[in-house]
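Just so it is clear, none of the values below were taken in a lab; they were calculated from the coordinates. The model shown is predicted, which means the values in this text are computed figures rather than measured ones. Here the Cβ positions follow ideal geometry from the backbone for every residue, glycine too, while neighbour counts run over all protein chains shown.
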């Protein structure tokens, strides 16, 4: 049991080998019998629990809070989300309960599972998950600005890739606890998904959040519906692309947003082209051009597509 040995060895500066054996044996005796798991799993769990019980209250609090991160975190994230203090974090490192790479802190999954149990049994699980989601929403919004034309696009793609597990964890929590926050996070991630994918996963997040969204989030729905339709079209799901396009058009009209109405009409025209419905596509493109021109804008996308239709 290398991990169990490592956790016990981390106490060698504080306890003698005899004291370690005595205390660990007491913990193991408490867990013998009544547990339908292998002996090695009982031993590992007992060792982690023993090590946890020896932590100070401050260390225990940080230990369980850090479990909110999936795939690790930066020091800045630990400080912002978990109120991490350097002394407590250093202590967890020395006790092998937290690991450190070049720029990230992380837990072995077995240890994180235990820490998550402790977090869920605390009275701060909901607040920690909210803070975690807000932190990664702000990160995603900052990245979105760069992906839309900044000079550090590659660096931001890599940064989001590094936090993909945390982004997934935030979305999973938000779709159950805060749909509005989930939609905001999705709206910030659409370019990232468009470039890096996986598109199927993006569709699942968007579909679930849109199904659960209420009328108070129409602006956010209007922001992500076109992308949901685009993703469906890319994967050849014309029926769902049509449904998202029609919903996007309905929401845009309800908001009275001419530019979004034009975008929805254009997207429905794209679906019609894929289905070979060229006459319908032409009408949709022409309506899109007319709609945005009424508010003083041009529509290069539909205009270009009309030209392509003329060649068919």
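One table, with the values for the structure above:
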item: Spatial separation of Cα centroids for region 103-150 and region 42-90, in angstrom; result: 13 Å
item: Net lengthening on full extension, residue 216/residue 126 (0.36 nm per residue, minus Cα-Cα); result: 30.1 nm
item: Largest to smallest principal axis extent of the C-alpha atoms in region 126-191, angstrom; result: 36, 19, 14
item: Ordering of 230-243, 118-131 by burial proxy (mean other Cβ atoms within 10 Å per residue, highest first); result: 230-243, 118-131
item: Full-extension gain in nm, residue 75 to residue 53, via 0.36 nm per residue minus C-alpha separation; result: 5.5 nm
item: Added length on full extension, which subtracts the Cα-Cα distance from 0.36 nm per residue, residue 162 to residue 298; result: 45.1 nm
item: Choice from 73, 82, 57 with maximal GNM fluctuation in the chain (Cα, 10 Å cutoff); result: 57
item: Exposure proxy ranking, count of Cβ atoms within 10 Å, fewest first, for 48, 199, 312; result: 312, 199, 48
item: Angstrom value of the Kirkwood radius, inverse mean 1/r, which spans all Cα pairs in region 214-312; result: 13.4 Å
item: Normalised alpha carbon radius of gyration of the chain [divisor 2.2 N^0.38 Å]; result: 1.33
